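Reviewing the structure listed below.
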């Protein structure tokens, strides 16, 4: 019996995607595309709406480690956080291949269905690694507030680092791109959707600290060793929009040199 090709419509969550995988095998329906509230589009394929079922999602999640491998489970889970175009379809094709071939599939980078996921997850990990150094916090009434504009959904990868490093602090990190918020209190954390979040204006003490940080950044610049290409390599320009040292001063004293020189 041949499989019917359909377009799965789901809620955009990871459990929702895993439920689609369950329904695909249960009804012998091959996914040719996925739609969600984040990416609503027209399709000529028969469309089937799938409601998220946590029990079905957990069954598929457990099967990833047992029938393929724990490494494949991690790869697919992290791939869902990437900005890979048509990521659900690439994940679905990888899973179908994995269920056929087993654990060896994760090492077969010559297969495009595997390589495309590895490449996307490497980009995710690289972006998260850079943001561990480029994220800037501001003190707002005793809460540390940081803002980022990543391409991938990096908050789950940033959470272990910052929750461990600032375990006794109250802090939050806002992802402007995906409208998500990581909130941490000592002993507790959560990643929540936040459509309309806007940080409060900085107080005078925070403004002073920002001035000091910009002054330090400009002071250590060595104009004779200016190397824009090196700076762009080590500090990509797309991260500058949320970094304190590249923001306008709030009435700061004149800096000793041009902003951002010396790399």
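In region 175-189, what residues are out of contact with any helix residue (DSSP H, G or I) (no Cβ under 6 Å at 6 or more places or on another chain) and surrounded by 11 or more Cβ atoms within 10 Å (Cβ to Cβ)?
Hits for region 175-189 are 176, 177, 178, 179, 181, 183, 185, 186.
Among the strands (runs of 3 or more DSSP E) contained in region 1-86, which hold 3 or more residues that are in contact with a helix residue (DSSP H, G or I) (Cβ under 7 Å, 6 or more places away or on another chain)?
29-35
Name the one entry in 62, 107, 87, 93 that is modelled with pLDDT of 95 or more and more than 30 Å from residue 149 (Cα to Cα).
Just a single option satisfies the conditions, and that option is 62.
What's the total number of residues in region 210-232 that are surrounded by fewer than 17 Cβ atoms within 10 Å (Cβ to Cβ) and either assigned to a helix (DSSP H, G or I) or in contact with a helix residue (DSSP H, G or I) (Cβ under 6 Å, 6 or more places away or on another chain) (or both)?
12
If you scan region 28-81, which residues turn out to be over 26 Å from the mean Cα position of the chain (by Cα), without any contact (Cβ under 8 Å) to a residue 12 or more places away in the chain and under 22 Å from residue 6 (Cα atoms)?
Passing the criteria: 42, 44.
Determine, yes or no, whether residue 97 is surrounded by 14 or more Cβ atoms within 10 Å (Cβ to Cβ), without any contact (Cβ under 8 Å) to a residue 60 or more places away in the chain, in a helix (DSSP H, G or I) and in contact with a strand residue (DSSP E or B) (Cβ under 8 Å, 6 or more places away or on another chain).
Against the criterion (surrounded by 14 or more Cβ atoms within 10 Å (Cβ to Cβ), without any contact (Cβ under 8 Å) to a residue 60 or more places away in the chain, in a helix (DSSP H, G or I) and in contact with a strand residue (DSSP E or B) (Cβ under 8 Å, 6 or more places away or on another chain)), residue 97 does not qualify.
Please enumerate the residues belonging to region 190-209 that are surrounded by 13 or more Cβ atoms within 10 Å (Cβ to Cβ), touching a strand residue (DSSP E or B) at 6+ places or on another chain (Cβ under 6 Å) and free of Cβ contacts under 8 Å to residues at least 40 places away in the same chain.
191, 194, 197
For the list (1) in a helix (DSSP H, G or I); (2) within 21 Å of residue 239 (Cα to Cα); (3) in contact with a strand residue (DSSP E or B) (Cβ under 8 Å, 6 or more places away or on another chain), I need the number of the one condition that residue 161 fails.
With respect to (1) in a helix (DSSP H, G or I); (2) within 21 Å of residue 239 (Cα to Cα); (3) in contact with a strand residue (DSSP E or B) (Cβ under 8 Å, 6 or more places away or on another chain), residue 161 is out only on (3).
The values are calculated or read from the model by the stated rules, or taken from the named source; none is laboratory data. Please read these numbers as outputs of a predicted model, since none were measured by experiment. For neighbour counting, all protein chains shown are included, and Cβ atoms are generated from backbone atoms with ideal geometry for every residue, glycine included.
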